[in-house]
Structures are given as structure tokens and as C-alpha cells.
1. Against the 2.2 N^0.38 Å scaling, with N counting residues, where does the chain land? I'd like the Cα-based Rg ratio to two decimal places.
2. Percent of Cα-Cα pairs more than 17 Å apart in the stretch 44-123, please.
3. Over 13 Å, how big is the tail of the calculated P(r) for the stretch 291-355, in percent of all Cα pairs?
4. Which of the pairs Lys284/Lys316; Lys49/Lys285; Lys43/Lys79; Lys122/Lys285; Lys50/Lys284; Lys50/Lys285 have their Cα atoms more than 18 Å apart in this structure?
5. Using the charge dipole of the chain (Lys, Arg: +1 at Cβ; Asp, Glu: -1 at Cβ; taken about the Cα centre), state which of His31, Gly56, Ala69 has its Cα farthest towards the positive end.
6. Rounded to a whole number, what % of the accessible area of the stretch 118-190 do carbon and sulfur atoms account for, probe 1.4 Å?
7. Taking amide H positions as placed 1.01 Å from N in the peptide plane, with prolines and chain starts having none, which residues 5 or more places from Leu55, or on another chain, fall under 5 Å of its amide H?
8. Taking 0.36 nm per residue of separation and subtracting the Cα-Cα distance, what length does fully extending His276 through Arg142 add?
Amino acid sequence: MRSPKDFFAPLAVGAPQPPRQIPVRPSRMIHFFDPGNEKMAAKVPDLAKKTDVLLGNLEDAVRADRKEAARAGLVSIAKATDFGRTQLWTRVNSLDSPWVLDDLITLVTEIGDKLDVIMIPKVEGAQDIHYVDRLLAQLEARAGLTEPLLVHAILETASGVANVEEIAGASPRMQGISLGPADLAASRRMKTTRVGGGHPGYLVRTDPVGEDLNEGRTTYQQDLWHYTVARMVDACAMNGILPYYGPFGDIRDVVACEDQFRNAFLLGCVGAWSLHPVQIDIAKKVFSPSPADVAWARRVIAEMGDGTGAVMIDGKMQDDASVKQCRVVVELADELAATDPELAAAYDAATKEIQS
Ligand SMILES: CCC(=O)SCCNC(=O)CCNC(=O)[C@H](O)C(C)(C)COP(=O)(O)OP(=O)(O)OC[C@H]1O[C@@H](n2cnc3c(N)ncnc32)[C@H](O)[C@@H]1OP(=O)(O)O
Ligand SMILES: O=CC(=O)O
Ligand SMILES: [Mg+2]
């Protein structure tokens with residue numbers, strides 16, 4: 001562990017200064033594509049116009065005999081594409097795999113100036129981030145990069161969850177953490193075969209009303225991921241980095257996907273993965289605060305003046321703490337509206353309406 005005094009020092013001679021703040025850029029959806037799949041690769045220029053983050057995936061979902069093709073595909077796509085404001089991320093293979101060393105060497109050397117964030121799967125503890133941190137510094141120095149690459153960890157092992165706070169604070173490069181419900185379920189020996197989402201067997205039931213234990217007892221499905229997401233959100237917030245929900249594998253069930261994404265949004269996540277083009281707009285909608293919420297938050301802030309004291313607005317008490325809650329919503333809305341004129345107009349229209 002580095003001492004607090006040299007936490008922000010480069011880990012290799014000639015490497016760029018590590019970041020002190022995570023850049024504020026929209027990342028409502030991290031859209032996964034296989035760079036070795038010609039059909040998906042052909043869609044990248046169009047997807048770049050409608051996504052916040054495009055991620056060239058090299059790990060799971062890419063067949064072992066297509067790993068090199070995916071890596072080479074990502075290099076060509078990165079060199080050939082104008083991504084505009086969209087960030088380009090990659091997910092490299094796991095640190096115990098035969099591919100990760102070549103993934104990192106090739107990508108940093110060839111397209112390090114185009115990549116924003118490198119996602120590391122199956123992170124077990126801070127030691128995994130320390131390894132990547134030093135290696136990236138060496139490679140950045142060799143490639144002559146002037147901007148540091150950021151690192152994103154997937155929370156998908158039982159020991160990763162046990163160590164999530166130290167992972168979140170392991171390096172100034174840490175940009176964020178995503179929940180990986182599929183690998184995490186396997187690592188924990190959970191008995192669900194679904195990729196994210198709920199399970200009809202994980203429920204609570206109301207008490208019996210009479211002698212018949214089966215009569216009139218409503219059941220409520222519970223969220224299998226609540227504990228982990230909440231823990232991840234706290235670990236990220238205390239380290240100034242960003243939490244994300246990961247994959248929702250039932251592509252057809254756009255309704256439950258929206259619910260899962262919204263649970264994560266309400267708990268503090270800033271985005272989720274999209275695995276198929278149909279999930280892009282769901283994430284965009286869910287992870288942008290609604291115009292009605294933004295209008296309300298702006299109104300509370302305006303009526304609270306210097307932000308102290310207590311007032312009643314429409315029968316609801318507001319004070320110093322609720323103003324802070326409202327600022328969270330308004331700050332996010334302003335950040336998103338700055339690059340999205342349609343959203344900016346919707347926020348302004350709702351604000352005017354609430355004022356009239
Ligand atoms: C579970 C743990 C994890 O690690 S999750 C992260 C790893 N998994 C992934 O990255 C999966 C990414 N998604 C996919 O591979 C595909 O979307 C899957 C789920 C296989 C479905 O593909 P497919 O059967 O072709 O769907 P479809 O016929 O509805 O596709 C319509 C057109 O869209 C394309 N498409 C599909 N997915 C993407 C994508 N992620 N990015 C860009 N394009 C995509 C398809 O190629 C298809 O194109 P076309 O219309 O035939 O030209
Ligand atoms: O990588 C993601 C997961 O759910 O596993
Ligand atoms: Mg995984």
C-alpha cells in the first residue's frame with residue numbers, strides 16, 4: 001500500500017500524473033460489443049452517436065479462439081472511428097488468463113491515447129488493482145502517453161465483495177466499479193442461473209390469515225442484489241468514484257430490465273451495462289433524472305434560499321439535508337443537459353410548468 005504522501009505520484013518514470021478527480025462525463029450506459037464480430041463492429045460508428053460509453057469486450061462472451069481477433073478488431077476500430085463525445089472503454093481478460101498481458105501491452109501501446117477506461121474483471125482485492133496500476137504506468141511511459149488511463153473493477157467474486165472498500169480506494173486511477181451478477185452468483189454458489197434481475201423463489205410472504213396456510217397469502221419478490229449494490233455504492237461514494245449496475249441478461253424482458261436499472265439508479269448508481277442495442281435507450285431513460293424530479297429539486301433549492309432552516313413546500317418539510325438531496329439531482333441533470341439539448345429543454349419546460 002502506498003503512503004498517503006505518494007498516493008498521487010506516478011508509478012513509473014515518465015508515466016503521466018495520476019488523476020486527482022474522476023472526470024465528470026455521462027456514462028449512463030456502458031454498451032458492450034465484440035470487436036471481432038463484424039456485424040457488431042459495423043454498428044460502432046452509429047452507436048457512437050447514441051451512447052455515452054462504448055466498450056470493446058475481450059473477456060467472457062468472446063470465444064477462446066476469437067480472443068486475438070477481438071483484440072486486433074478493437075485496435076482497428078479505435079484507430080478508424082471518430083467517437084465524438086462518446087468514451088471508449090475496454091474489458092480485458094481476467095488477470096489469471098493467458099490473454100491479459102497481451103491485451104494490456106497491445107491496447108496501451110497501440111490505442112492508449114483513444115482509450116478512456118480499462119475494465120478489469122474478477123477483481124479479488126486491492127492487490128489486483130496494484131498490479132494493473134504499476135503495469136499501466138510502465139506501459140504509458142513506454143508509449144509516451146500524456147493522459148493516465150483509468151481503471152474500473154468488476155465486483156464479481158465473493159472476496160471482491162468482502163474487499164470492496166479497499167478495491168475502491170486502491171489507486172487514484174480507480175474510476176468506478178460495476179456489479180457482475182453472473183460471475184458473482186457462481187463465486188458465491190448462489191442457486192440462480194439468471195444473469196442479473198430477480199428470482200421468483202427469492203420472496204417474502206404475508207402471514208396466514210386463518211388455518212389454511214395456502215389461503216390468501218401474497219408474496220413479494222425481493223431483490224437478490226440489494227446488499228451488494230448498496231455496499232458497492234457506499235464503497236464508491238467514500239472514495240469519490242462511480243458505481244454501476246452490470247448486465248441484465250434477459251434481453252427480451254425490457255420491462256424487468258428497466259426495473260433493475262431503476263433500482264440501481266435510486267440506490268446511487270450512475271449507469272448500467274447494455275448488452276444489446278435495445279437496452280441503450282432503457283439505460284438512457286432510467287439514468288437521466290426525470291423532468292418532474294428535476295423541476296421539483298430546482299424549486300426546493302430556490303425556495304430554501306441559503307440552504308439552511310426549514311420550510312414547508314406542498315405539505316412536505318424541507319431543510320438543509322433535503323436541499324442536499326435536491327442538489328444531487330440537479331447537479332446530475334445539469335451535467336447531462338450540458339451535452340443533451342433535448343434533455344435540457346425537457347428540464348426547462350418542466351421547471352417553467354412547476355413555477356406557473
Ligand atoms: C453475463 C456476464 C457478462 O460478462 S455480460 C457481458 C458480456 N456479454 C456481451 O458482451 C454480450 C453482447 N451481446 C451479444 O453478444 C448479443 O447482443 C446477443 C446477446 C448474443 C444477441 O445477439 P443477436 O442474437 O445477434 O441479437 P439480434 O438478432 O437481436 O441482433 C440484432 C442486430 O444487432 C446486432 N447486435 C446485437 N448485439 C449487439 C451489440 N451488443 N452491439 C452492437 N450490435 C449488436 C446484431 O449483430 C444484429 O445485427 P444485424 O441486424 O444482423 O446486422
Ligand atoms: O461480468 C459480468 C458478470 O455478471 O459476470
Ligand atoms: Mg463476469
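The values are calculated or read from the model by the stated rules, or taken from the named source; none is laboratory data. Quick caveat, the model's predicted, so the values are computed rather than measured. Here the Cβ positions follow ideal geometry from the backbone for every residue, glycine too, while neighbour counts run over all protein chains shown. Note: areas computed on protein heavy atoms with side chains; ligands, DNA, RNA excluded. Shrake-Rupley method; radii C 1.70, N 1.55, O 1.52, S 1.80 Å.
1. Taking the Cα Rg and dividing by 2.2 N^0.38 Å, one obtains 1.07.
2. It works out to 41 percent of all Cα pairs.
3. Cα-Cα pairs of the stretch 291-355 separated by over 13 Å account for 60 percent.
4. Lys284/Lys316; Lys122/Lys285
5. Highest projection toward the positive end goes to Ala69.
6. Answer for the stretch 118-190 is 48 percent, counting heavy atoms of protein chains only.
7. Amide H neighbours of Leu55, under 5 Å, 5+ apart: His31, Phe32, Phe33, Trp89.
8. Length gained, His276 through Arg142: 44.6 nm.
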